[in-house]
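Structure, as structure tokens:
Just so it is clear, none of the values below were taken in a lab; they were calculated from the coordinates. Nothing here was measured: the structure is a model prediction, and the numbers come from that model. Don't worry about glycine lacking a Cβ; one is built from the backbone with ideal geometry, like all the others, and counts go over all protein chains shown.
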Amino acid sequence: MKISTANLEKKLKFKFSDHKILTKSLTHKSFDSKNNNEKIEFLGDRVLGLIIAKKLLDLYPDEKEGVLDKKFASLVNKKKCLEIAKKIELEKYILISNPKNKDILIEDKIVADCLEALIGAIYLDKGLNFTEKFILNIWSEHITASIITQIDAKTKLQEHSLKIFKLLPIYKLISNTGPRHKPLFKVSVKLKDTKFFTAEGTSKKDAEQNAASLCLESVFKK
């Protein structure tokens, strides 16, 4: 299995000096157990974190550490990396085991990890300043959106509960019904001296978020 990296370089709008390091960054361990992108991904993850953290400090010099941490987490998580990787269609260039040479759907985590490996390769090939410009450009709209920090309902409820009652919310799984491919979870949550607020979701996490939203709306009018 071979890949042509020329189209990827067109999308990136620059060419690598060392195409071996680019190919390595696109190679999953299932394709080559020795010469793959795991270590470059490790490097890329740290480079991405450094550059995004520095940018947030420049943008929000007076912001509290807790808020910066939430903004940072929203910008460097696997979901965000996947979103950006999809934008440049990175999944088309990943070398992965495919013995029957069929069209396969590459797992989201592999695609997100590959973006971090690509960042590591850019750093090794072009240096920190070039990599910083690349990341800030490709992440630009997401960094701009970080002006508004979205805090999920479960986190908000925990913060309120700790501040007012000095206790964590209590969650209780009521039921898990439905077939495996379409489960339905029912979860309740309560705070000190409140009733249980019950909601449903297609996952336990979603049900907890929905229950937390009900509790916030009723107890704190948020």
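What to note about this one:
- Considering only Ala145, Ser17, Ile122, and ranking their Cα positions along the charge dipole of the chain that arises from unit charges at the beta-carbon of Lys, Arg, Asp and Glu, the one farthest toward the positive end is Ala145.
- Percent of Cα pairs exceeding the 18 Å cut-off, where the set is the range 1-118: 56 percent
- For the range 153-220, the tally of Lys pairs with Cα-Cα distances below 13 Å comes to 13, considering only residues 8 or more apart or on different chains.
- Sorting Ile21, Ile164, Ile119, Ile147 by the number of Cβ atoms found within 10 Å of their own Cβ, with the fewest placed first, yields Ile147, Ile164, Ile21, Ile119.
- Packing-based exposure ordering (other Cβ within 10 Å, fewest first) of Tyr60, Tyr123: Tyr60, Tyr123
- Signed unit charges on C-beta, dipole axis of the chain, positive-most listed residue Gly49, Thr5, Ser203: Ser203
- √(5λ) per eigenvalue of the Cα gyration tensor, the range 153-220, largest first, Å: 24, 10, 9
- Listed candidates [x] 25, 19, 17; [y] 40, 24, 12; [z] 27, 23, 18 - label of the one calculated as semi-axes √(5λ) of the Cα gyration tensor in Å: [y]
- Spatially, the range 178-198 and the range 59-78 are offset by 30 Å when compared through their Cα centroids.
- Using a cutoff of 8 angstrom between alpha carbon atoms and counting only pairs six or more residues apart, the relative contact order for the range 55-112 works out to 35 percent.
- Value of relative contact order over the range 6-145, rounded to a whole percent, pairs C-alpha under 8 Å and six or more apart: 38 percent
- Dipole size of the chain about its Cα centre, with +1 on Lys/Arg Cβ and -1 on Asp/Glu Cβ: approximately 500 debye, rounded to the nearest 20.
- Ranked list, fewest to most other Cβ atoms within 10 Å of each Cβ, for Asp45, Asp62, Asp152: Asp62, Asp152, Asp45
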